[in-house]
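K.L.:
Here it is, the structure in full.
The values are calculated or read from the model by the stated rules, or taken from the named source; none is laboratory data. Source: prediction; values computed, not measured. Note that each Cβ is placed from the backbone with ideal geometry, even for glycine, and that neighbours are counted across all protein chains shown. Heads up: the accessible areas ignore ligands, DNA and RNA and are worked out on the full protein's heavy atoms, side chains in. Shrake-Rupley method; radii C 1.70, N 1.55, O 1.52, S 1.80 Å.
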Amino acid sequence: MKTQVTIIGYGTMGKAIGNVLKRGSVNVFAAGRRTSDARVAQQVRKSDFVILSVKPQDSKEAAQKLKGHFGKNTILVSIMAGVPLKKLAHMSGHKK
């Protein structure tokens, strides 16, 4: 079974990560600004990893949209500079 990764924020860094992951045996779903919240929630529920790749000033909004949609074993990864993991865990409601 392939690993499922959802990338929230598909700008320069998100695309770079996505392109590398796609070379391996990983299913990648990339969510940009135009992706519906319902579609993102659906993908997050079935993802092994969610990579939060938005600008730090957009972190609160992005994390709150994900709140309550993480699977029990989903790992949230952040590439945002200046956003402490403790704060991200609080905003997203996800501790893993």
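K.L.:
Under a point-charge model restricted to the Cβ atoms of Lys and Arg (+1) and Asp and Glu (-1), what is the dipole moment magnitude of the chain relative to its Cα centre, in debye to the nearest 20?
P.N.:
It comes to approximately 120 debye.
K.L.:
Whole number in Å², please: accessible area per residue of the chain, 1.4 Å probe, ligands, DNA and RNA not counted.
P.N.:
63 Å²
K.L.:
Below 23 Å, Cα to Cα, which lysines can residue 86 reach? Residues fewer than 8 away in the same chain don't count.
P.N.:
Partners found: 55, 60, 65, 67, 72, 95, 96.
K.L.:
Starting from the 7 Å offset along Cα-to-Cβ, what nm value, one decimal, do you get for the label separation of residue 41 and residue 25?
P.N.:
Reported label-point gap for residue 41 and residue 25 is 3.3 nm.
K.L.:
Once amide H atoms are built 1.01 Å from N in the peptide plane, which residues 5 or more positions from residue 51, or in another chain, come under 5 Å H to H?
P.N.:
6, 7, 8, 77
K.L.:
Follow-up. Calculated from the structure, Kirkwood radius over Cα pairs in Å equals which of (i) 14.1; (ii) 13.1; (iii) 13.7?
P.N.:
(ii)
K.L.:
Among DSSP beta bridges lying fully in the stretch 1-83, give the percent that are antiparallel, nearest 5.
P.N.:
0 percent
K.L.:
With each pseudo-label sitting 7 Å past Cα toward Cβ, what's the residue 15-residue 57 distance in nm, one decimal?
P.N.:
Simple spin-label model gives 2.1 nm for this pair.
K.L.:
Let me ask something else. Suppose every K and R has +1 on its Cβ and every D and E has -1 on its Cβ; what is the size of the dipole of the stretch 15-58 about the Cα centre, in Debye to the nearest 20?
P.N.:
180 debye
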